[in-house]
Ligand SMILES: [Zn+2]
Ligand SMILES: [Zn+2]
């Protein structure tokens, strides 16, 4: 797959353009299932200097960037556990969107939208009871 949307002077990839690429790829290869891509490139979107990830539920396409998930990015001591925890949280978050869940105001819920690494770390790897219930409703409706 060819990843579109790299912006040279920002050294970042436009997350919306990347989702377009996934959409095209899915169409080309006739993949009806949702696709979540994990990339090492740093992502941004119009209006946000960076995003940890992005999903487009209507086409079943999501992306997670590992770029800002490692301690080393922030000049801290590296930790595989931290790194894997964050990828799991971001992955679960985008999958939640692909299943139809919106953002949640509960700061510990995996569907909370973090602006910083600390906010991401404060989240748990699971849905809050309200989101879990909502997911149950979404599932039974489809
Ligand atoms: Zn989100
Ligand atoms: Zn929630």
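The values are calculated or read from the model by the stated rules, or taken from the named source; none is laboratory data. Just so it is clear, the structure is predicted and the values come from calculations on it, not from any experiment. Note that we place each Cβ from the backbone using ideal geometry, even for glycine, and neighbour counts take in every protein chain shown.
The residue list 43, 54, 98 contains one member that is away from ligand 1 (no atom under 11 Å from the Cβ) and either under 23 Å from residue 5 (Cα atoms) or surrounded by 12 or more Cβ atoms within 10 Å (Cβ to Cβ) (or both), which is 43. Please go through segment 68-78 and give me each residue that is assigned to a helix (DSSP H, G or I) and surrounded by fewer than 13 Cβ atoms within 10 Å (Cβ to Cβ), ordered by number. Result: 72, 74.
Scan segment 79-86 and give yes if some residue there is within 16 Å of ligand 1 (Cβ to nearest atom), in a loop (DSSP other than H, G, I, E, B) and surrounded by 18 or more Cβ atoms within 10 Å (Cβ to Cβ), otherwise no. No - not one qualifying residue is present in segment 79-86. Exactly one residue out of 30, 23 is away from ligand 1 (no atom under 12 Å from the Cβ), within 27 Å of residue 140 (Cα to Cα) and touching a strand residue (DSSP E or B) at 6+ places or on another chain (Cβ under 8 Å): that is 23. Looking only at segment 115-129, filter to residues that are more than 13 Å from ligand 1 (Cβ to nearest atom) and not in a loop (DSSP other than H, G, I, E, B); which one of those is surrounded by the most Cβ atoms within 10 Å (Cβ to Cβ)? That would be 117.
Residue check: residue 95 meets all listed conditions (1) more than 16 Å from ligand 2 (Cβ to nearest atom); (2) outside any loop (DSSP other than H, G, I, E, B); (3) closer than 23 Å to residue 123 by Cα but one, namely (1). Kindly indicate whether residue 103 is surrounded by fewer than 14 Cβ atoms within 10 Å (Cβ to Cβ), at pLDDT 95 or above and within 14 Å of ligand 1 (Cβ to nearest atom). So residue 103 passes the test.
Listed conditions (1) within 15 Å of ligand 2 (Cβ to nearest atom); (2) in a strand (DSSP E or B) are all met by residue 54, apart from (1).
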